[in-house]
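Readers should treat all values here as calculations from the given coordinates under stated rules, not as data from a laboratory. These numbers come from a predicted model, not from an experiment.
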Amino acid sequence: MNIVLESTITCPECGGKSRAKMPTDACQWFYDCPHCGARLRPKPGDCCVFCSWGDVPCPPVQKQRGCC
Ligand SMILES: [Zn+2]
């Protein structure tokens, strides 16, 4: 099965989209929007910014290992 390592993050503040590489074995809790500078954090219940704001979930979730 293919693991997607790049995600398109949509900023909830400005709506700007940006491509970001995801780490394969760790979760990323912060992401600075390159458009407006907002610091994105995961929504409650989500493990990382990619699961909350990206178009694909993070690699550990894709592997159905659950996250961190
Ligand atoms: Zn933004």
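Data overview
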read-out: Pair-distance profile P(r), taking every C-alpha pair of the chain, with 5 angstrom steps and integer %; value: 4, 20, 31, 25, 13, 6, 1, 0
read-out: Under 12 Å from the Cα of Lys63 - aspartates and glutamates, other chains or at least 8 residues apart; value: Asp25
read-out: Segment 6-62, relative contact order in percent, only Cα pairs under 8 angstrom and at least six apart counted; value: 35
read-out: Helix-only CD estimate at 222 nm, as mean residue ellipticity for the chain, using -39500 (n - 2.57) per DSSP H run (n ≥ 4); value: -2000 deg cm²/dmol
read-out: Phi to ³J(HN,Hα) by Karplus 6.51 cos²θ - 1.76 cosθ + 1.60 over segment 27-39, Hz, x for Gly, Pro; value: 9, 10, 8, 10, 8, 8, 5, x, 8, 10, x, 5, 8
read-out: Long-range amide H partners of Tyr31 with built H, under 5 Å; value: Leu40
